[in-house]
Amino acid sequence: MAVYTEIADEELAAFIDGYDMGAVLSLKGIAEGVENSNFLLRTEAGSFILTLYEKRVNPDDLPFFIGLMEHLAARGVNCPLPVKNRNGEALGQLAGRPACIVTFLDGVSVRKPGVGHCRELGVALAGLHEAARGFALSRPNALGVAGWRPLSDTVDGRADDIAPGLGARISAALADVEANWPQGLPSGVIHADLFTDNVFFIGPKLSGVIDFYFACNDALAYDVAICLNAWCFEADGSFNLTKGQALLAGYQSVRRLTPEEVAALPLLCRGAALRFLLTRLVDWLNVPPGVLVKPKDPLEYDRKLAFHRSVTAASDYGLSA
């Protein structure tokens with residue numbers, strides 16, 4: 001989450017007047033993330049999250065995101081539920097941007113997940129994949145393998161400004177995944193951005209999943225690879241095998257990976273690391289001046305990519321036979 005667009009008091013009051021939630025008590029910008037402008041909104045009816053969708057988000061995708069949250073919530077996934085205004089609409093306009101209010105979820109994100117958190121995450125991820133079955137809308141993954149070379153091209157040779165040799169490592173990883181990316185794996189709706197700041201816990205139990213604005217249709221095991229990258233590495237760059245075992249065991253307790261998915265997991269993990277290396281690199285080099293946003297370190301994923309290059313089988317991530 002981030003804040004790119006400020007909201008005038010008069011605009012906010014007029015917007016909220018279209019909802020049955022009473023007067024505005026407070027509005028506070030949320031600085032995490034990179035994609036949209038997000039605010040913690042408190043009204044007489046309670047606490048909510050207000051999102052302004054910025055220019056990087058295609059307005060045509062918004063019905064998919066909003067419909068998906070409604071679909072998942074109806075099937076028991078604890079995720080934000082879009083709030084409809086008096087006209088029965090979940091989408092509106094505020095400060096010149098498409099806007100949506102969603103319900104507030106209790107819980108806190110964990111910056112240093114433990115083994116138990118990783119197992120809970122694996123169970124929740126598989127549950128999300130299962131609950132998303134039958135969702136009527138679809139959305140291609142704009143940040144899938146076909147989009148990585150165009151992303152790399154936008155960096156325009158500046159990768160080595162961040163670290164010597166980074167450009168060559170990116171080029172080699174791109175050639176690898178483009179030549180070998182698996183086809184025909186089980187697919188469906190994936191979250192595609194299930195980092196620790198998008199998952200809430202109350203004590204040891206997972207209490208909710210948020211931020212579905214990268215969700216799309218892609219290989220289900222690619223979502224698992226994203227989570228292995230996001231949850232199972234330590235601050236020194238080492239992969240925690242025990243956390244990997246817990247995440248994968250949790251996932252498989254709900255949905256078993258196929259032999260083809262197991263075989264593809266190392267490549268999917270390399271691809272997931274490359275995807276976040278590239279998007280973080282682009283964001284790092286192109287932070288708009290004056291915005292409330294904290295770009296994330298792209299070199300974290302350069303280090304993770306180096307680990308994945310040493311992996312030969314899914315068992316290296318903790319997958320049991």
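The values are calculated or read from the model by the stated rules, or taken from the named source; none is laboratory data. Just so you know, these numbers come straight off a predicted model, no measurement behind them. When we count neighbours, we look across all protein chains shown, and the Cβ atoms used for this are built from the backbone with ideal geometry, even at glycine. Please note that ligands, DNA and RNA were not included when accessible areas were found on the heavy atoms of the full protein model with its side chains. Shrake-Rupley method; radii C 1.70, N 1.55, O 1.52, S 1.80 Å.
A few comments on the model shown:
- Each Lys and Arg contributes +1 and each Asp and Glu -1, all at the Cβ; summed about the Cα centre of the chain, the dipole is approximately 760 debye.
- More than 21 Å apart - percent of Cα-Cα pairs taken over segment 1-88: 37
- Carbon and sulfur %, accessible surface of the chain computed with the full protein complex present, 1.4 Å: 53
- Residue of 14, 126, 215 that the Gaussian network model of the chain assigns the largest fluctuation, springs spanning Cα pairs under 10 Å: 14
- Convex hull of Cα atoms in segment 188-321, direction-averaged projection (nm²): 9.1
- Helix 299-308 vs. the chain, principal-axis angle (Cα, 0 to 90°, nearest 10): 40
- Angle between the chain longest axis and helix 241-252 axis [Cα atoms, degrees, rounded to 10]: 70
- Helix 115-131 axis, angle to the chain major axis (alpha carbon atoms, nearest 10°): 70
- If R0 is taken as 56 Å, the Cβ-Cβ distance between residue 74 and residue 175 corresponds to a FRET efficiency of 0.85.
- Once the Cα gyration tensor of segment 138-262 is diagonalised, semi-axes √(5λ) in Å: 27, 19, 16
- Accessible area in square angstrom per residue, segment 1-154, 1.4 angstrom probe: 48
- Convex hull volume of segment 26-158 per residue (C-alpha atoms, cubic angstrom): 182
- Inter-site label distance for residue 312 and residue 285 at 7 Å from Cα along Cβ, in nm: 3.6
- Rg of the Cα atoms in segment 184-252, relative to 2.2 N^0.38 Å, amounts to 1.15.
- Qualifying lysines (Cα of each under 29 Å from Cα of residue 296; at least 8 residues distant if same chain): 28, 55, 112, 205, 243, 304
- Distance from segment 55-81 to segment 7-49 (C-alpha centre basis), Å: 19
- D by Stokes-Einstein for the chain, Kirkwood Rh over Cα pairs, 10 °C, 1.306 mPa s: 78 µm²/s.
- When only alpha carbons of segment 216-287 are considered, Rg and Dmax amount to 13.5, 42 Å.
- Convex hull volume of the Cα atoms of segment 65-107, normalised per residue: 86 Å³.
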